[in-house]
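Enquirer: First the structure, which I've put down as C-alpha cells, then a few questions once you've had a look.
Readers should treat all values here as calculations from the given coordinates under stated rules, not as data from a laboratory. These figures come from a predicted structure and were not determined experimentally. Here the Cβ positions follow ideal geometry from the backbone for every residue, glycine too, while neighbour counts run over all protein chains shown.
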Amino acid sequence: MKTFEIVTHAIDPQHYADMVLRPEAGAVTLFTGHVREWTKGVRTLYLAYEAYVPMAEKKLAQIGAEIEERWPGAQTAIAHRIGELAISDIAVVIAVSSPHRKAAYEANEYAIERIKEIVPIWKKEIWEDGEEWIGDQKKKPEGDGV
Amino acid sequence: MKTFEIVTHAIDPQHYADMVLRPEAGAVTLFTGHVREWTKGVRTLYLAYEAYVPMAEKKLAQIGAEIEERWPGAQTAIAHRIGELAISDIAVVIAVSSPHRKAAYEANEYAIERIKEIVPIWKKEIWEDGEEWIGDQKKKPEGDGV
Amino acid sequence: MITVHYFAGLKEVTGVSQEQANLSGYTVQQLAQWAAEKYPGIDAGAARIAVNEEYALPEDRLQPGDVAAFIPPVSGG
Amino acid sequence: MITVHYFAGLKEVTGVSQEQANLSGYTVQQLAQWAAEKYPGIDAGAARIAVNEEYALPEDRLQPGDVAAFIPPVSGG
C-alpha cells in the first residue's frame, strides 16, 4: 500500500500507524474520521465520496511534505476512502509519528484541516428524504464537520 | 478488558479505539506513546514501568470523567503497560471519540498531560552504562518526554 | 485537444464526467467562460480549475494534451 | 495497623515494597516524618502520600486498616 492513497475498501487504521513508526518516534497520533449518523438533527443514512484520484493522492503527499517541513522529524501517512460508506465507517485516517507528542498532535490536526482545504474529494450525504453534495465546509458554521 | 486499565502485555491500540466508537462519533483520536531509542543523545536499551495498579486505574478513570465533563460527548479509553518494554513498544494508548474532531484532539492531549501529573506510574530508563528512575517530568526542559 | 473533467455536483449538471474539447491556447479563465456558456447551470465561479492535477491560475494557458478539471469546493474528511 | 507502600526509587531506598506499622491516629504529615526518620535516605518531601488510593492532605488522619502509599514524582506516558 501507499503512504498517501485513495482507497475503495475498508480502511485498517493500524496499517498506517505501523507505516510511520520508527525507533526515534516517541509518539504516534492516529486520527480516524467516521461517518456520523446525526448532523444538526438530520439523520444520515450513508455517505458517498468521490475523488479526483491522482490529484487527490498528490495533494495528500503534499500535505505530508508540508508537515515534514513545519515539524521536522514528523512522518505522515494518510488514506481517504471513496465510494459508499455506512454509519461509523472510516472515511479518512491520518497517522503522524514524531519524537515528541506535541508535534504529533499539532501536525495531525493540521493534516485534517488541509485535507478539507485542498484535496479534491467530495462528500454526498444521503438522508431519508434526499441527498446533497457537500461543499465549501469553510463557509459552514463552526462545528458542523467532524 | 476494561476501559481504563494497567496491563502487563503488549497493547493492541485498535481495541481501545473500538471501545469508544459509536454512531454519533465523527472523530476518533488515538495516541500511542512508544519507547524511544534516543533521548538527548543518550541511547535507551529498554524501559521498565511500575505502577500502583489499583490507584493508577482509578486515576485513569478520573481523567476520563474529567474529559466527559470538559468536552461533553467525548468518550475515553486509556491503557498503560507496565513491566519491561523494548524500543518502539507501546507504553500508553489513549482513545477519544467525539462528534467533532476538535474536542477529540484537545481531550486526547489533555489526557496524556494529566497522566504525567496524577497517575502513579513510574518509568526507569536503562542505558548501556546505568539506569535511573525518572520522575517529576514537569521539572525537565520542555520536549524531553514524548 | 484538451481533456476536461467534472466532479461531484458539477458532473450532475454537465451530465458527463469528462470530455475532449479543442481548447488548446485558451487561458484557464477562458476555459471557465467556455464551460459556463456550454452548461448554463454550472457555477464555474465557485470551482477552482486544475491543469494536469495541479491548481492553475486564471492566466495559465492550456497546451495540447493538457488535462483540465473543474474542482468544486471540496468536502473530504 | 496501617499498610504502607513504597514505589520506584523510594522502594529501592527502603528495601521493601510494603510494610505494616502501628500508625493509626497519625496524620499524613506525621507518617511522612516517621518514614523520613526510619529511612534517612528517602526524600519524603518530594513524594505525595495517598491513603486508600487517593491523594491525601497533610492533616488527614490514618484509621486502622488504612492503606497508605508514598507516591514519588510520577513518570508515566
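Enquirer: Restricting to the range B:3-34, count the residues that are in contact with an Asp or Glu (Cβ under 9 Å, 6 or more places away or on another chain) and of a type in the set (S, T, Y).
Expert: 1
Enquirer: Can you tell me which condition A:Y105 does not meet? The list is (1) in contact (Cβ under 8 Å) with a residue 60 or more places away in the chain; (2) within 12 Å of chain C (Cβ to nearest Cβ); (3) not hydrophobic (A, V, I, L, M, F, W, C); (4) not in a strand (DSSP E or B), and all the others hold.
Expert: (2)
Enquirer: Would you check if B:L45 is among the aliphatic types (A, V, I, L, M), surrounded by fewer than 16 Cβ atoms within 10 Å (Cβ to Cβ), in a strand (DSSP E or B) and touching a strand residue (DSSP E or B) at 6+ places or on another chain (Cβ under 8 Å)?
Expert: So B:L45 fits the description; yes.
Enquirer: Continuing with the same structure: Going by the structure shown, is B:R114 buried (at least 22 other Cβ atoms within 10 Å of the Cβ), farther than 15 Å from B:T3 by Cβ and either out of contact with any Pro (no Cβ under 9 Å at 6 or more places or on another chain) or not aromatic (F, W, Y) (or both)?
Expert: no
Enquirer: Within the range C:1-44, track down each residue that is among the small types (G, A, S), within 12 Å of chain A (Cβ to nearest Cβ) and at negative phi.
Expert: Within the range C:1-44, C:G9, C:S17 qualify.
Enquirer: Scan A:S97, A:S88 and give me the residue that is touching a strand residue (DSSP E or B) at 6+ places or on another chain (Cβ under 6 Å), polar (S, T, N, Q) and part of a strand (DSSP E or B).
Expert: None of the other options fit; the residue is A:S97.
Enquirer: Between a first residue in the range B:31-43 that is more than 7 Å from chain A (Cβ to nearest Cβ) and within 22 Å of A:A95 (Cα to Cα) and a second residue that is surrounded by 24 or more Cβ atoms within 10 Å (Cβ to Cβ) and of a type outside the set (A, V, I, L, M, F, W, C), which pairs have beta carbons less than 9 Å apart while being 6 or more apart in sequence or on different chains?
Expert: Listed pairs, sorted by first residue: B:V35/A:G26.
Enquirer: Among the residues of the range B:49-91, which ones are loosely packed, with under 15 Cβ neighbours inside 10 Å and in contact (Cβ under 8 Å) with a residue 60 or more places away in the chain?
Expert: Once the filter is applied, which keeps residues that are loosely packed, with under 15 Cβ neighbours inside 10 Å and in contact (Cβ under 8 Å) with a residue 60 or more places away in the chain, the range B:49-91 yields only B:G83.
This table checks each residue for (1) closer than 18 Å to B:V7 by Cβ; (2) within 13 Å of chain A (Cβ to nearest Cβ).
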| site | (1), (2) |
| --- | --- |
| B:Y52 | yes, no |
| B:K58 | yes, no |
| B:I63 | yes, no |
| B:R70 | no, no |
| B:G73 | no, yes |
